[in-house]
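Any read-out appearing in this document is the output of simple, stated calculations on the displayed coordinates, not a laboratory observation. This is a predicted model, so every value here is computed, not measured. Neighbour counts are summed over all protein chains in view; Cβ atoms, including those assigned to glycine, are modelled from backbone coordinates with ideal geometry.
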Amino acid sequence: MNDKTKKLISENPTILATSQNNIPNIAVATDVTVLDDGTILIAHNEMRQTIENIKSNVKIALLILDKNYAGVRIFGKAHYYTEGRYFDLVNKLYKNATTDPLGAILITVDRIMEIK
C-alpha cells in the first residue's frame, strides 16, 4: 500500500461491503487505521450486520473516495476481535472518540484497485 492510499484512508470515511447468504450489506467507518502495507484496523461501533456477515464470510471490500471521487477499492479478508491485541489497540486509539469500540475488525489486504 502506497503513501497516497494511506493518506486517503486517514482523511476520508471508509465504506465496507460484506455479504451473508448472498445478501449484500454496506456500512461506513471513520475510525480506521492502517497498521502496515497489508493490514487495516477498524473500530466496531455500530455495524451489527457487518459483524454478523464477517463471522460467516471473511471476504470484504472497502471503498474510499476523496471529494473528487478518486480513490481506491480494497479487497481482502476480515476477522473480528472482542479481546486481545487488536481490541486493546482500537480502545487505545478510539475510546471516547464517538462511542467506545465494541470490537476490532482486522483486514488483511489481498488487492488494491485505484479509481481515477
Looking across the stretch 43-58 at residues that are surrounded by fewer than 19 Cβ atoms within 10 Å (Cβ to Cβ) and among the hydrophobic types (A, V, I, L, M, F, W, C), the single one that is farthest from Y80 (Cα to Cα) is V58
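Take N12 and decide whether it is surrounded by fewer than 20 Cβ atoms within 10 Å (Cβ to Cβ), at positive phi and without any contact (Cβ under 8 Å) to a residue 60 or more places away in the chain. Break it down stepwise before answering.
Values: surrounded by fewer than 20 Cβ atoms within 10 Å (Cβ to Cβ): yes; at positive phi: no; without any contact (Cβ under 8 Å) to a residue 60 or more places away in the chain: yes.
No; evaluated as a whole, the condition is false for this residue.
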Note on the stretch 59-113: residues in a loop (DSSP other than H, G, I, E, B) and either under 13 Å from the mean Cα position of the chain (by Cα) or surrounded by 19 or more Cβ atoms within 10 Å (Cβ to Cβ) (or both) are P101
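Does T50 fit the bill of being touching a residue at least 12 places away in the same chain (Cβ under 8 Å), more than 14 Å from I107 (Cα to Cα) and in a helix (DSSP H, G or I)? Lay out the reasoning, then the answer.
Values: touching a residue at least 12 places away in the same chain (Cβ under 8 Å): yes; more than 14 Å from I107 (Cα to Cα): no; in a helix (DSSP H, G or I): yes.
Answer is no for this residue.
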Given the structure, is K6 out of contact with any helix residue (DSSP H, G or I) (no Cβ under 7 Å at 6 or more places or on another chain), on the phi < 0 side of the Ramachandran plot and not in a helix (DSSP H, G or I)? no
Quiz item: If we scan the stretch 24-42, do we find a residue that is surrounded by 15 or more Cβ atoms within 10 Å (Cβ to Cβ), in contact (Cβ under 8 Å) with a residue 60 or more places away in the chain and part of a loop (DSSP other than H, G, I, E, B)?
Solution: yes
